[in-house]
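The values are calculated or read from the model by the stated rules, or taken from the named source; none is laboratory data. Being a predicted model, the structure only gives us computed values, none of them experimental. With ideal geometry, Cβ positions are generated from the backbone for all residues, glycine too; neighbour counts draw on all protein chains shown.
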Amino acid sequence: MRFALFLGCNIPARLNQYESSARAVLKKVDVDLVDIKEFNCCGYPVRNLDHQAFVLASARNLALAAKENLNVISLCKCCYGSLKKADHLMKEDASLRVEINKILSKEGLQYDGDIQVKHFLSVLFHEVGIETIKEKIDKTFTDLNIATHYGCHVLRPSKIVQFDDPVAPSIFDKLVEVTGAKSIDWSMKLDCCGAPLWGVNDDLSMNLTEKKLENGKKSGADFLCTACPYCQMQFDTVQNTILSIRGTNHQLPSLLYPQLLGLSMGIEKDLLGLKMNDLPIEGIEDFFTNLEQKEMEA
Amino acid sequence: MFFTISLYVALAIFGLGLVYKASTWFRFNIGVETGKFSAQTRVSKAISGIASVLFSVKILTLIKVFVVDVVLQVRILRQDFLRWLMHICIYLGFMLLLLMHALESFITEPLFTDYYSTVNPFMFLRDLFGLMVIIGIGIAILRRFIFKVPRLKTNAMDHYAIIILAVIMISGVFLEATKITSHTEFQVMVEDYAGLSLEDDAEEIKALESYWVKEYGVISPNVKKPFDTEILDQGKESHEMSCAECHSRPQWAFLGYSTAKIISAVALGLDKANMPTILWYLHFFACFIGLAYLPFSKMFHIFASPLSLLANAVMEKEKSDPANIATRQVMELDACTHCCTCTLNCSAAVFFETFPNTNILPSEKIISIKALAAGKELSEQELRHIQEGIYLCTNCNRCTVVCPVGINLQDLWFNVRESLLKKGYPEFFALSPLSFYRGLMKEDGDNYQKPLDKTREAIADRCELMKMPDKVLPLSNIDSAFKGILNQSDQANTFSGCFGCETCSTVCPVVANYDNPKEVLGLLPHQIMNACGLGLKDLALGSNMLWDCLTCYQCQEQCPQGVCVTDILYELKNEAVEQVKEKPLMERKL
């Protein structure tokens, strides 16, 4: 299984632990990754201002992957949503396709909708499969309650992104439960993390984040789990800011899914970058020892 | 005499230029904070900073960076082998020519007692180094003019650099070629070194001349091939007595010799026209111009780039003195060689294809920032172009990682962006996820929130209806052109399905956040859909809701009528910005 790895802009600059942990996990389950150096921004940040610029940026990435005849795997849900949307438009909107391909042709590129875009989680769930992942599990967590945060741009608009059931999604929960952790029910599971407004309307952004954290905490979560750099930075770096600005007291640390899975697979901790998160997550390892203790007690 | 005067003039301009340019490092300011430090403070901080590095373990880092990045230029090699070959050829070739050939009386002669420029290995090496530079120039021309690399910009300074190097090299090679073929030169040498006089030793000179025509490429008006072996033997005898000691065979000067062969048909004419002297002047003047103009041209990077690499290796944003960071950032502008590695790797460069603003490209931003730092008066339009170009950056840090001279570009953009935003011009990109990084980096103070408010005001300012407290709708405000635009778009025309059930507003987490959402957000999503249906452009475009939309797609997903609510909000945002941009700059209140 080979994919072109689409990292986007945030991960290499600010979330190296996501890249290194995801690479390590994918290597363990025999997914080969190809790096395409020429990839650019997915276009998501300019969608507010210019539709064509957004489609062009995404389509250029798709064209680069198509040139290598590779499907794309994205670690970011906003990149995923943008690439899927652009892919859809390039297939459906003939006049836009002509316009975009005209610009792309200046550097010998063209995109006619010939590849697939996948998110990291859907590759693990659908391509690799739960059974294969289970075989690679080294040790399992006990009594660990995880609140999965799906992220908007993989779920909606469901007709275009086609990730999972938009109302009752389950693949992330199943992936979390492979590690022995329990994926809890919480009412705000499918809500936005608040990141799209961070830097634009900070008060509103913090309100939304805080509500989610409070809901997760109340529902009994020990940790949040994400698979998107924006969501992760919002729940980690921005939560840290909220804790200091607002002095609120419902800290709920967040970790990236490949960090959780990687721990369970027994991958080296340096690769998982546990220490690189702003809010400490190393405590999660205590949930491994519980099992041994219980056995001892028994 | 003339030669000496022009050399000293060139040296004087070069020296003063160096002092002037280095002084700008301490005088010019980039960004918000730097004005706080006087030039004097910056000089003394720099001296103490350098001293503290030199007398610490960091000296090892400096040595490593000097060898790996300055001498071997591994950072360029990591990017592209061809470009590394180009640069190493030019820089190594030129440096060796400078030391061995240009400074021969200061370096080579004292070092090697048997040095003559016409004796091997020096004669061969001179042409070898020259060939290296010429290969380098050739690759540069290929890259800049033949390969059509998208978004690689070539400016006047890049042309100058290639031309001045090419003139120096080509004049040098032709000078060598015309001297090889020159009969006049031969006669002068015969009189000066062989002790033969033209009248008394005609026979002997003829023999020597024949030998030199046959073996050394001289083109003579007197003797012609083929020659008798007897004469050649006689010539060889005189040659070995008087000439051989100082002259290796000319074939070793392979560039000059092959050029001499090419021009042999016209060599007599060139010699009569005194071409060697003309080329000699050309060669030297090109060198002097290159020398005098060096501090003001991009060639100044030969001083600034190594300093930038070394400084960035031992400086850290949080730990280093802010005065020294200010100085380093100005110096980095001189270190830039406009190689465009940043632009070719830039995540946002692709947007240049749709936004006609060269400041989007990092390599071109640097040029604008140079003008800003030098305190040049820029128009509102120019300033806003720079601001837009700098804001249209995803802060992915790639430019900084790849810069061959180690410039911390990301910090530079951030610093300049904040100082430009302070001027109070609205920045539409501020209302986009591009602001995420700015949010992460925020510090307390007014300067953070102001640009965001200003931009919202600039957009709302265009929407008269929105300002009315009670929105009694005069139907005369229907804008059919606006409705037409929405109808043309496949996703926007779905608004016509809206039957006002308010599901979109009910599920919206932003609406849910406020006790009195209309007060804060203006129109709610379902009302915006209505405004679209009624063609009330001002209402559709002027509401805060547009910019507070999370794009979480809850509304669109749950709409029973299949209205693409979120996508419509996207289109309205595009439209709102377009509308403000269209308004002439003068009219706008700032």
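Being surrounded by fewer than 24 Cβ atoms within 10 Å (Cβ to Cβ), part of a helix (DSSP H, G or I) and at negative phi narrows it down to one residue among B:LEU383, B:LEU378; which is it? Before the answer, list the steps.
Values: B:LEU378 fails: part of a helix (DSSP H, G or I).
Being surrounded by fewer than 24 Cβ atoms within 10 Å (Cβ to Cβ), part of a helix (DSSP H, G or I) and at negative phi holds for just one of B:LEU383, B:LEU378, which is B:LEU383.
Check A:LYS217, A:LYS211, A:LYS269 and return the single one that is free of Cβ contacts under 8 Å to residues at least 12 places away in the same chain and either among the β-branched types (Val, Ile, Thr) or surrounded by fewer than 21 Cβ atoms within 10 Å (Cβ to Cβ) (or both).
Values: A:LYS217 fails: free of Cβ contacts under 8 Å to residues at least 12 places away in the same chain; A:LYS211 fails: free of Cβ contacts under 8 Å to residues at least 12 places away in the same chain.
So the residue among A:LYS217, A:LYS211, A:LYS269 that is free of Cβ contacts under 8 Å to residues at least 12 places away in the same chain and either among the β-branched types (Val, Ile, Thr) or surrounded by fewer than 21 Cβ atoms within 10 Å (Cβ to Cβ) (or both) is A:LYS269.
Do any helices (runs of 4 or more DSSP H) lying entirely in region B:27-105 carry at least 2 residues that are hydroxyl-bearing (Ser, Thr, Tyr), and which ones are they? Give the derivation first.
Values: elements: B:39-54, B:58-65, B:74-79, B:81-97.
It comes to B:39-54.
If I ask for residues that are within 14 Å of chain A (Cβ to nearest Cβ) and buried (at least 22 other Cβ atoms within 10 Å of the Cβ), which ones from region B:397-412 would you list?
If the condition is that a residue be within 14 Å of chain A (Cβ to nearest Cβ) and buried (at least 22 other Cβ atoms within 10 Å of the Cβ), then B:ARG398, B:CYS399, B:ASN408, B:LEU409 are the ones that fit.
Where in region A:115-172 are the helices (runs of 4 or more DSSP H), entirely inside, with at least 3 residues that are surrounded by fewer than 22 Cβ atoms within 10 Å (Cβ to Cβ) and touching a residue at least 40 places away in the same chain (Cβ under 8 Å)?
Details: elements: A:130-136, A:152-155, A:158-161.
Because the criterion is at least 3 residues that are surrounded by fewer than 22 Cβ atoms within 10 Å (Cβ to Cβ) and touching a residue at least 40 places away in the same chain (Cβ under 8 Å), the helices (runs of 4 or more DSSP H) in region A:115-172 that meet it are A:130-136.
State the number of residues belonging to region A:230-247 that are within 18 Å of A:TRP186 (Cβ to Cβ) and more than 14 Å from chain B (Cβ to nearest Cβ). Can you show your working first?
Step one: filter region A:230-247 for residues within 18 Å of A:TRP186 (Cβ to Cβ), giving A:231-232, A:234-235, A:239.
Subsequent filtering for residues that are more than 14 Å from chain B (Cβ to nearest Cβ) retains none.
Summing the residues that are within 18 Å of A:TRP186 (Cβ to Cβ) and more than 14 Å from chain B (Cβ to nearest Cβ) in region A:230-247 gives 0.
In region B:148-180, how many residues are surrounded by fewer than 17 Cβ atoms within 10 Å (Cβ to Cβ), among the small types (Gly, Ala, Ser) and over 13 Å from the mean Cα position of the chain (by Cα)?
Total satisfying the criteria: 0.
Output the residues belonging to region B:489-540 that are among the charged types (D, E, K, R) and surrounded by 18 or more Cβ atoms within 10 Å (Cβ to Cβ).
Of all residues in region B:489-540, those among the charged types (D, E, K, R) come to B:490, B:502, B:515, B:518-519, B:537-538.
Within region B:489-540, B:LYS537, B:ASP538 meet the criteria.
Among A:ASP203, A:ASP191, which is of a type in the set (D, E, K, R) and at the interface with chain B (Cβ under 8 Å from one of its Cβ atoms)?
Working: A:ASP203 fails: at the interface with chain B (Cβ under 8 Å from one of its Cβ atoms).
Criteria check complete, one pass: A:ASP191.
Could you list, in sequence order, all residues of region A:206-229 that are in contact with a helix residue (DSSP H, G or I) (Cβ under 7 Å, 6 or more places away or on another chain) and either within 14 Å of chain B (Cβ to nearest Cβ) or within 30 Å of B:ASP453 (Cα to Cα) (or both)? Walk me through it before giving the result.
Within region A:206-229, the first condition is being in contact with a helix residue (DSSP H, G or I) (Cβ under 7 Å, 6 or more places away or on another chain), and the residues that meet it are A:206, A:208-210, A:213, A:223-229.
The answer is A:MET206, A:LEU208, A:THR209, A:GLU210, A:LEU213, A:CYS228, A:PRO229.
Report the residue count in region B:318-372 for those that are over 20 Å from the mean Cα position of the chain (by Cα) and either within 14 Å of another protein chain (Cβ to nearest Cβ) or not charged (D, E, K, R) (or both). Talk me through it step by step, then tell me what you get.
From region B:318-372, those over 20 Å from the mean Cα position of the chain (by Cα) are B:318-326, B:354-355; that's our starting set.
Narrowing further to those that are either within 14 Å of another protein chain (Cβ to nearest Cβ) or not charged (D, E, K, R) (or both): B:320, B:322-326, B:354-355.
Matching residues across region B:318-372 total 8.
When you scan region A:1-91 for helices (runs of 4 or more DSSP H) that lie fully inside it, which ones turn up with 1 or more residues that are aliphatic (A, V, I, L, M) and over 30 Å from B:CYS564 (Cα atoms)? I'd like the intermediate steps shown before the answer.
On the way: elements: A:10-14, A:16-28, A:51-67.
Answer list for region A:1-91: A:10-14, A:16-28.
Scan region B:145-170 and report the pairs whose first residue is in the same structural domain as B:PHE94 (by TED's automatic domain parsing) and whose second residue is basic (Lys, Arg), with Cβ atoms within less than 6 Å and a gap of 6+ or a chain change.
Within 6 Å, the pairs are B:PRO150/A:LYS106; B:THR154/B:ARG144; B:MET157/B:LYS298; B:ALA161/B:LYS298.
Taking region B:122-147 as the search range and keeping residues that are among the β-branched types (Val, Ile, Thr) and exposed (fewer than 15 other Cβ atoms within 10 Å of the Cβ), which one is nearest to the chain's Cα centre (by Cα)? If you could, list the steps in order and put the result at the bottom.
First, the residues of region B:122-147 that are among the β-branched types (Val, Ile, Thr): B:133-135, B:137, B:139, B:141, B:146.
Filter once more, so that each one left must be exposed (fewer than 15 other Cβ atoms within 10 Å of the Cβ): B:141, B:146.
Working: B:ILE141: 16, B:ILE146: 18 Å.
Residue satisfying both the conditions and the ranking: B:ILE141.
Can you pull out the residues in region B:314-335 that are surrounded by fewer than 17 Cβ atoms within 10 Å (Cβ to Cβ) and either of a type in the set (S, T, N, Q) or touching a residue at least 40 places away in the same chain (Cβ under 8 Å) (or both)? Walk me through how you get there before you give the answer.
So in region B:314-335, the residues surrounded by fewer than 17 Cβ atoms within 10 Å (Cβ to Cβ) come out as B:316-320, B:322.
B:LYS317, B:SER320, B:PRO322 - these are the residues of region B:314-335 that are surrounded by fewer than 17 Cβ atoms within 10 Å (Cβ to Cβ) and either of a type in the set (S, T, N, Q) or touching a residue at least 40 places away in the same chain (Cβ under 8 Å) (or both).
Quick check: anything in region B:539-561 under 45 Å from the mean Cα position of the chain (by Cα), acidic (Asp, Glu) and farther than 30 Å from A:GLU210 by Cβ? Write out each step before concluding.
Filtering region B:539-561 for residues under 45 Å from the mean Cα position of the chain (by Cα) gives B:540-553.
Of the ones still in play, those that are also acidic (Asp, Glu) are B:548.
Subset that is farther than 30 Å from A:GLU210 by Cβ: none.
No, the conditions are met nowhere in region B:539-561.
Just checking, which of B:SER264, B:SER297, B:SER258 is surrounded by fewer than 18 Cβ atoms within 10 Å (Cβ to Cβ) and assigned by TED's automatic domain parsing to the domain that holds B:PHE129? Give the steps one after another, and end with the answer.
Details: B:SER264 fails: assigned by TED's automatic domain parsing to the domain that holds B:PHE129; B:SER258 fails: assigned by TED's automatic domain parsing to the domain that holds B:PHE129.
Selected residue: B:SER297, the only one of B:SER264, B:SER297, B:SER258 that is surrounded by fewer than 18 Cβ atoms within 10 Å (Cβ to Cβ) and assigned by TED's automatic domain parsing to the domain that holds B:PHE129.
Can you tell me how many residues within region A:89-108 are crowded, with 18+ Cβ neighbours inside 10 Å and more than 10 Å from chain B (Cβ to nearest Cβ)?
2
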